[in-house]
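Notes to accompany the following structure.
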Amino acid sequence: MLKITEGSYAVAEAVKLCRPQVIAAYPITPQTHIVEALAEMVANCEIDGEYITVESEFSALSACLGASAAGSRAYSATTSQGLALMFEVCFNMAGLRLPMVMTIANRALGAPLSIWNDHQDTISLRDSGWFQLYAEDNQEATDLHFIAYKVSEDHNVLLPGMVCFDGFILSHTYEPVDMPVQEEVDGYLPPFTPYHRLDAGDPISMGMYATPEYYMEFRYQIQQAMEQAGKTLVAAGKEFSEHFGRDYGSLVEGYRLDGADTALIAMGSVCGTIKDAVDEMRDAGRKVGLLKLRAFRPFPEREIVAALNNVNTVAVLDKNISLGNSGAAGTEVKAALAGSGITVLDYVIGLGGRDVRKRDIARVVDLAEKGEGDMFYGLRTEVL
Amino acid sequence: MMQVEGKCELFEAGHRACAGCGPALAARLILKAAGENTIVVASTGCMEVFSTPYPETAWGVPWIHSLFENAAAVASGIEAAIKQQGRSEKVICVCGDGATFDIGMLCISGAFERNHDITYICYDNEAYMNTGIQRSGATPLDASTTTSPAGKCSLGNKRPKKDLPRILAAHGAPYVATASISYPADFVKKVERAINTPGACYIQVHAPCCTGWGFDPGQTIAIGKLAIETGLWVNYEMVDGVVAKAKKVRRKPVEEYLKAQKRFQHLFKPTPKTEEIAKIQAMADANATAYNIDIKLKQERQ
């Protein structure tokens, strides 16, 4: 049933339908309404789970790690500085191969202090071993939680996953969302069956120390699991469409790429703006399309190569900057398309909540078609 | 060891601790007391490294190590999970003093304020031993470590040990105790009491480190006893924040404890630092008064 709801509440409702057993979250630095809504659901026994009011995001993720190790479905949500504080635990949890899902309302990192949207927080954790999914709208943000739990807990994957949706632009925006009912979700997402867990009946040691003789093989196996996560995401996305009628059966989504000379690549809510801009440009006779990256980890290299086979120019919009190099997606798309003859240009855009409008998209396309790129787009002139 | 011999061995021999390791003995006694229905959460440190070199483990109970500073938070999540699942295991953190007094304080404070049903045991060897004997918040006054070395202008560690048991008692912990590996029956009893007390309980067990403190590996128990006998370490219990019981001793001068360890040798050589030793003696005297540990002879009482 379609319901007009704020992004945070839609995500909280989705999380409730996933039947989390342990939720740990910290309120600020900063947070969204997700954890408040979940606290209320626990207080009203709508969720049969424990809610731990931790003293920091570092402890939030550490508590989730413990809960997952003990065999419970764990959940947390955070954003920007909070995710940065979780940095060490993120790597550790993936190394321990413990499943969980965490929602990130993407926001900028300080300094200067900014509470507004960009992707610097999650991009900075791209090497942590968590798979990362980016939602375009609140319907997708809702749906990706069911898929993420299914993939994370799959015994061929066993990696934690982040569902990323844009802070404020989605998290605090009201949109119509088709929210499934509990029976439908139960039919899609089975209860968590841990591959191994802390259990006095079957004692194991987790998180041991590995000498150089052993360490690399663990990392190799995480890499293999990440590759498997790509396949499992596709399968789980297809299964989702059979259950719910919305298709997430690919790590990327093409929009009007047929016959396109120039393709834009982006992640998150800006894809909605880009689709409108593409429609207008197409109406004006320009051959422009969009390739949306739904997954950034695992990186959908094969899908990108296949989707952009016939374009001449690619303009990547990065709401992040790997300082000292360029936007993260730009770098990786260039590597994916190396030797293809396609011109790939990167545009760092929309940092710290700077609005990205349809006319900005059109200007990026103009720049790309002139071969001008690899730049910050839309800077105030006084710094130039 | 007589009183605890009958209990099962869940900490296996063959681990890689130094000969004469106090913390290894602590681990063995903790599991004797706790038994099989236990989940251990470890911090990074000596014990974690010597007991779980992949693919070997000394732990006969479920054991997890995540990071240096988050054992109390990981334990919070485990406790919540097993409660939600209706399971009965006891959750015990076993962590070193660096992980407890310094880097893990935030997580510990949170876990104790929330009063999770966990027992947190700090094996206190009074410095970061795993990484080469650096000072921690648990290092006693004047101990020479690699980051508080005694030298021409230094007498070693500049500050006395942080009073962590009282800090955690102030969080409302229902049971807080100090213990020593040199008094195993007492330690085992305290572990049993802590795990059977609902809520977050804390035990700080003195675990001499022959490598870091500089004494013969055969003297570990003797050094632990001397700490008690000089009043520099007091074994006591606090129930709901009130000291309920402290071990009484016929006190010896602190020199006997200090002289036996290399980390305090600069207090005696080349010349005795009488004033400094008097400060340490005053700390022992203050302990004796605070915890009423002196055994008084009949005529003294009159």
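Things worth noting here:
- Given charges at beta-carbon only (K, R positive; D, E negative), |dipole| of the range A:2-244 in Debye: 500
- Pair A:Glu301, A:Asp283: separation of 7 Å Cα→Cβ label points (nm): 4.0
- D_trans [Stokes-Einstein, Kirkwood Rh over alpha-carbon pairs] for the protein assembly as shown, 10 °C, 1.306 mPa s, µm² s⁻¹: 58
- In percent, rounded to a whole number, the relative contact order of the range B:154-279 is 25, using alpha-carbon pairs under 8 Å and six or more apart.
- Counting lysine pairs in the range A:2-244 that sit 8 or more residues apart in sequence, or on different chains, and whose Cα atoms lie under 23 Å apart gives 5.
- In order along the range B:261-276, the phi-based Karplus estimate (6.51 cos²θ - 1.76 cosθ + 1.60, θ = phi - 60°) of 3J(HN,Hα) comes to 10, 4, 5, 10, 4, 5, 7, 10, 10, x, 10, x, 8, 4, 5, 5 Hz; Gly and Pro are listed as x.
- The amide H of B:Ile39, built 1.01 Å from its N in the peptide plane, has B:Lys90, B:Val91, B:Ile92 as neighbours under 5 Å, considering only residues 5 or more places off or on other chains.
- DSSP beta bridge pairing in the range B:22-301, given as percent antiparallel to the nearest 5: 30
- Between the residues A:Leu290, A:Tyr347, A:Ala77, the greatest Cα displacement towards the positive end of the dipole of chain A, with unit charges on the Cβ of Lys, Arg, Asp and Glu, is found for A:Tyr347.
- Residue separation of A:Glu183 and A:Ser322 scaled by 0.36 nm, minus their Cα-Cα distance, works out to 45.7 nm of gained length.
- Each of A:Tyr215, A:Tyr26 was scored by other Cβ atoms within 10 Å of its Cβ. Listed from fewest to most, they are A:Tyr215, A:Tyr26.
- Computed from backbone phi, the HN-Hα couplings of the range A:310-323 come to 10, 8, 9, 10, 10, 10, 9, 9, 10, 8, 6, 9, 7, 3 Hz, rounded to whole numbers (Karplus: 6.51 cos²θ - 1.76 cosθ + 1.60, θ = phi - 60°; Gly and Pro given as x).
- For the range B:3-44, trypsin sites (Lys or Arg not before Pro) are listed when DSSP marks them as loop and at most 16 other Cβ atoms sit within 10 Å of their Cβ; the list is B:Lys7, B:Arg16.
- Filtered GluC sites (Glu not before Pro), the range B:49-117: DSSP coil and at most 15 other beta carbons within 10 Å: B:Glu56
- For A:Asp318, the residues whose amide H sits under 5 Å from its own are A:Tyr347, A:Val348, A:Ile349, ignoring neighbours fewer than 5 places away on the same chain, with H placed 1.01 Å from N.
- Only one residue of A:Phe131, A:Val333, A:Cys271 has its Cα farthest out toward the positive end of the dipole of chain A, where Lys and Arg carry +1 and Asp and Glu -1 on Cβ, and that residue is A:Val333.
- Spin-label pair B:Glu275-A:Ile204: with each label point 7 Å from Cα along the Cα-Cβ axis, the two points sit 6.1 nm from one another.
- B:Ser109 paired with A:Met375, simple spin-label distance in nm, labels 7 Å along Cα-to-beta-carbon: 4.9
- Listed by chain and number, the aspartates and glutamates placed with their C-alpha closer than 13 angstrom to that of B:Lys32 are B:Glu5, B:Glu9, B:Glu12, B:Asp186, B:Glu192; residues fewer than eight positions away on the same chain are left out.
- Report summary: the helix-based calculation at 222 nm, which adds -39500 (n - 2.57) for every DSSP H run with n ≥ 4 and divides by the residues of chain B, gives -10000 deg cm²/dmol.
- Considering only A:Ala94, A:Leu144, A:Leu38, and ranking their Cα positions along the charge dipole of the range A:22-148 that arises from unit charges at the beta-carbon of Lys, Arg, Asp and Glu, the one farthest toward the positive end is A:Ala94.
- For the residue pairs B:Lys158/B:Lys269; B:Lys162/B:Lys245; B:Lys7/B:Lys262, alpha carbon separations beyond 27 Å are given by B:Lys7/B:Lys262.
- Set of aspartates and glutamates with alpha-carbon distance to B:Lys296 below 20 Å, sequence-local pairs under 8 removed: B:Glu229, B:Asp285
- Here the range A:2-244 carries DSSP beta bridges of which approximately 20% are antiparallel, counting only pairs with both residues inside.
- Distances between placed amide hydrogens fall under 5 Å for B:Thr145 paired with B:Ala150, B:Asn157, all partners being 5 or more residues away or on another chain.
Since every read-out is calculated from the coordinates, none of them should be taken as a lab result. Please read all numbers here as calculations on a predicted model, not as lab measurements. In this analysis, Cβ positions are derived from the backbone assuming ideal geometry, glycine residues included, and neighbour counts consider all displayed protein chains.
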